[in-house]
1. Taking segment 43-88 only, how many residues are open to solvent by 60 Å² or more (accessible area, probe 1.4 Å) and closer than 20 Å to E25 by Cβ?
2. Evaluate the following for E92: is it at pLDDT below 95, in a helix (DSSP H, G or I) and in contact with a helix residue (DSSP H, G or I) (Cβ under 8 Å, 6 or more places away or on another chain)?
3. Report every pair of residues separated by at least 6 positions or lying on different chains whose Cβ atoms are under 6 Å apart, first residue within segment 99-125 and under 28 Å from K28 (Cβ atoms) and without any contact (Cβ under 8 Å) to a residue 12 or more places away in the chain, second open to solvent by 60 Å² or more (accessible area, probe 1.4 Å) and of a type outside the set (F, W, Y).
Amino acid sequence: WKQTKGVLGMDKMTIDEKAIGICSENIKQSALQSRAYKGREELIGQLCEECGELVVAAQKLRRVWSETTKISMDEAYMNLAEECADVLNAIEALEHINLIDMECVNRIRAHKAYRWKHRIVDGDWSE
């Protein structure tokens, strides 16, 4: 791991490919152990919890932008990044126990990205 300055001067963590592979393997092992001991319901519950925390972090950032909170911009961005990481880890864990098919997810993402483009860029809200 190494730290650099990122958006708005915040510390930004960068990692190499080996670290990413280790992270992914750790998530896989944790997911498989969790499934064995607690069941898939616990992993879905973890995803729900992480998604809720992501919503809170996003709302805090909105409040920073509208100047209705005392937390700093840097703190709000770091909270958002941390919660995004937690959600992505939870999704990856579900993939490792075959509850999510990422090929299917990516096909849906491509379709939704196309729809977003037409809605946002072209102003077409008919779909």
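The values are calculated or read from the model by the stated rules, or taken from the named source; none is laboratory data. Please read all numbers here as calculations on a predicted model, not as lab measurements. Virtual Cβ from ideal backbone geometry, glycine too; neighbours counted across all protein chains shown. SASA here: full protein model, heavy atoms, side chains in, ligands and nucleic acids out. Shrake-Rupley method; radii C 1.70, N 1.55, O 1.52, S 1.80 Å.
1. Qualifying residue count for the region: 2.
2. Yes.
3. M102/E95
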